[in-house]
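J.: Structure provided below as structure tokens; questions to follow.
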Amino acid sequence: FPLSLVGFIEEPERKYCFECDSEKQCQEWIEALKRASYEFMRRSLIFYRNEIQKMTGKDPLEQYGISEEARFQLGTRK
């Protein structure tokens, strides 16, 4: 059976082994893990926030008091 090893930046010493019935199933697991990551969700939030703002002229997060918080801004990694 195909195996896939997955590691996370925050826990480089820990590895997770997934055993699947097919190569396709392995790829589906990897994609599901990527989509569930904080970074994927953060980038999606930024993208859709910008798209909504372009369409409506309003920041959709403004009502929550987080329209200018740095944690949602794209930046370069150091």
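The values are calculated or read from the model by the stated rules, or taken from the named source; none is laboratory data. Since the structure is predicted, the reported quantities are computational estimates derived from the model, not experimental observations. Note that each Cβ is placed from the backbone with ideal geometry, even for glycine, and that neighbours are counted across all protein chains shown. For accessibility, only protein heavy atoms count, side chains too; no ligands or nucleic acids. Shrake-Rupley method; radii C 1.70, N 1.55, O 1.52, S 1.80 Å.
J.: Only loop residues by DSSP count here, and only those with at most 16 other Cβ atoms within 10 Å; note down the trypsin sites (Lys or Arg not before Pro) in the range 2-66 that meet that. Intermediate results must be reported in sequence, preceding the final value.
T.: Numbers: sites: Arg14, Lys15, Lys24, Lys34, Arg35, Arg42, Arg43, Arg49, Lys54, Lys58; in loops: Lys58.
Sites meeting the loop and neighbour criteria: Lys58.
J.: When 1/r is averaged over all different Cα pairs and the result inverted, which Kirkwood radius in Å belongs to the range 5-69?
T.: So the Kirkwood estimate lands at 14.6 Å.
J.: With a 1.4 Å probe and all protein chains kept in place, how do Glu51, Glu10, Glu62, Glu28 rank by accessible area, largest first? Walk me through the intermediate numbers first.
T.: On the way: Glu51 60, Glu10 150, Glu62 115, Glu28 95 Å².
Result of the area sort, largest leading: Glu10, Glu62, Glu28, Glu51.
J.: Let me ask you something else. Modelled label-to-label distance, Tyr64 and Ala36, 7 Å Cα→beta-carbon offset: nm?
T.: 2.1 nm
J.: Starting from the 7 Å offset along Cα-to-Cβ, what nm value, one decimal, do you get for the label separation of Phe47 and Glu23?
T.: Output for this residue pair reads 2.6 nm.
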